[in-house]
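Below is one structure, written out as structure tokens; comments come after it.
The values are calculated or read from the model by the stated rules, or taken from the named source; none is laboratory data. This one's a predicted model, so the numbers in the text were calculated from it and none came from an experiment. Glycine also receives a Cβ, built like all others from the backbone with ideal geometry; neighbour counts cover every protein chain displayed.
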Amino acid sequence: MPEEKHARNAKALRALAHPLRWKLIDLVGREQTATATRCADELGESVASCSYHLNILAKYGFVEQAPSGPGREKPWRLTSVNQNLSGEGLGVEGELAAQAATEVFLDHELDRMKARLRRHALEPAQWRDAVSFRGVTTALTADELREVTAALDEVTRRFAHRATDRDAIPDGAREVRIFFATSVAPPPKTAPSAKTAPLPKTVQGGDA
């Protein structure tokens, strides 16, 4: 599938500012094709609601109808496994739409992490030991932060092809979410001295 087939504009970004639409994108991507009925069964929503939101996603090019098999209901598939949430170059309206879409996406991401955390103890030992979450607050230059971001991006891309090349998935593999984020704090109102500057903080855990 081509990358980012949908048009990049404020209205398309606004279409992603809805939590159910991210759930639909995840489900359709995971199953490759899914009908509104299948989405409703899996997500606990009505068929009418899933059908409506799938059509909105289709309107802005995020999903499309797949070749149908037996039955009257047509399945949907993603047009791309990548969604660009940047509002760069789209003016003020685009930047606001990008912010709204990104905030809903992050809420969706956090909800998924919490749900998997709640069932972490039920996983076999080899899967419990394989997952982790970690965070560190430190001080970097813009170039250093760019280097860190690039390194994390390289790790995520190493296995990303399996999202579309299902033949590359080895036996015993399960769906895994790899998510990373880097951010920069706003400048302080007054520059802290070396003695009063906050110490770097590290958060590490094995339950997410």
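Go through segment 137-154 and report how many residues are surrounded by fewer than 10 Cβ atoms within 10 Å (Cβ to Cβ) and in contact with a Lys or Arg (Cβ under 9 Å, 6 or more places away or on another chain).
0
In segment 87-146, how many are assigned by TED's automatic domain parsing to the domain that holds L24, under 13 Å from R177 (Cβ atoms) and either of a type in the set (S, T, Y) or assigned to a loop (DSSP other than H, G, I, E, B) (or both)?
Residues flagged as assigned by TED's automatic domain parsing to the domain that holds L24, under 13 Å from R177 (Cβ atoms) and either of a type in the set (S, T, Y) or assigned to a loop (DSSP other than H, G, I, E, B) (or both) within segment 87-146 amount to 0.
Going through segment 95-105 one residue at a time, which ones are surrounded by 14 or more Cβ atoms within 10 Å (Cβ to Cβ) and either modelled with pLDDT under 95 or under 15 Å from K23 (Cα atoms) (or both)?
A101, T102, V104, F105
Scan segment 52-83 residue by residue and report those that are closer than 21 Å to A10 by Cβ, small (G, A, S) and in contact with a strand residue (DSSP E or B) (Cβ under 9 Å, 6 or more places away or on another chain).
A58 - this is the single residue of segment 52-83 that is closer than 21 Å to A10 by Cβ, small (G, A, S) and in contact with a strand residue (DSSP E or B) (Cβ under 9 Å, 6 or more places away or on another chain).
Going through R116, R157 one at a time, which residue ends up being surrounded by 13 or more Cβ atoms within 10 Å (Cβ to Cβ) and of a type in the set (D, E, K, R)?
It is R116.
Give the residues of segment 75-92 that are charged (D, E, K, R) and modelled with pLDDT under 95, sorted by residue number.
E88
Need at least 1 residues that are touching an Asp or Glu at 6+ places or on another chain (Cβ under 8 Å), loosely packed, with under 15 Cβ neighbours inside 10 Å and modelled with pLDDT of 95 or more per element, so show me which helices (runs of 4 or more DSSP H) inside segment 7-69 make the cut, counting only ones lying wholly within it.
Ranges flagged: 19-31, 36-43.
Residues are listed down the side, and each one gets a yes or a no for (1) of a type in the set (S, T, N, Q); (2) free of Cβ contacts under 8 Å to residues at least 24 places away in the same chain:
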residue	(1), (2)
L90	no, no
A97	no, no
T102	yes, yes
S132	yes, no
V136	no, no
D143	no, yes
